[in-house]
1. Can you give me the accessible area per residue for the chain, using a 1.4 Å probe, in Å²?
2. In angstroms, what radius of gyration and Dmax does segment 94-139 have, counting Cα atoms only?
3. Measuring from label point to label point, each 7 Å out along Cα→Cβ, what is the residue 34 to residue 114 span in nm?
4. Can you give the FRET efficiency to the nearest 0.05 for residue 51 and residue 21, using r as the Cβ-Cβ distance and R₀ = 22 Å?
5. Can you tell me the 0 to 90 degree angle between the C-alpha axis of helix 57-80 and the longest principal axis of the chain, rounded to 10?
6. 5 Å is the cut-off here: which amide hydrogens, built 1.01 Å from N in the peptide plane, fall below it relative to residue 115, excluding neighbours closer than 5 in sequence?
7. How large are Rg and Dmax for the chain when calculated on the C-alpha trace, in angstrom?
8. I'd like the distance between the alpha-carbon centres of segment 90-140 and segment 1-38, rounded to an integer number of Å.
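The values are calculated or read from the model by the stated rules, or taken from the named source; none is laboratory data. Small disclaimer: the values here were computed from a predicted structure and weren't measured. When we count neighbours, we look across all protein chains shown, and the Cβ atoms used for this are built from the backbone with ideal geometry, even at glycine. Surface areas here come from the heavy atoms of the whole protein model, side chains and all, with no ligands, DNA or RNA. Shrake-Rupley method; radii C 1.70, N 1.55, O 1.52, S 1.80 Å.
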Amino acid sequence: MQLKYGRADLSTCGSLENGVIQLYNRVCSRANAEYDILLDEGDVDSLLRGDSAGYTPSIVQLAEQQAQDFVRDLFGTLREYQFDLRTGTVLFMGGGAILLRKQIEQSGRVGAALFLDEINANAKGYEYLAKLMRSGGETV
């Protein structure tokens with residue numbers, strides 16, 4: 001969603017099917033196919049948070065590369081929807097933003113980034129949007 005002059009522009013509001021569950025699936029699938037190791041979401045979280053104890057360097061590299069690719073693909077999709085992340089300020093929030101902050105910051109595809117480190121931020125945003133839409137677009 002874009003904010004224009006401090007107000008939500010509901011015409012730009014949308015949701016993509018690019019959640020981190022897809023990243024988890026990519027990492028787990030590749031680790032199984034290439035290294036015959038079974039990872040779960042908790043393993044991927046640990047790897048991306050920098051807790052690599054007990055994992056081989058190749059698994060660490062795999063997770064980091066898949067995360068970079070995931071962020072690149074996500075930003076490419078946003079660009080296709082005519083969002084230029086290099087202008088203005090981009091607010092990243094929720095669990096995926098917390099998990100992928102390093103990759104987002106290192107991507108070179110975002111001008112000014114703000115991170116809201118609250119795991120439930122997206123759910124709260126959807127709740128606010130629902131109230132806003134029920135009220136006819138007036139700020140609630």
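1. Details: 9010 Å² over 140 residues.
With all protein chains present, the chain gives 64 Å² per residue.
2. 13.9, 40
3. 3.7
4. Efficiency, from the Cβ-Cβ distance: 0.60.
5. Tilt relative to the chain: about 30 degrees.
6. 92
7. 17.1, 54
8. 12
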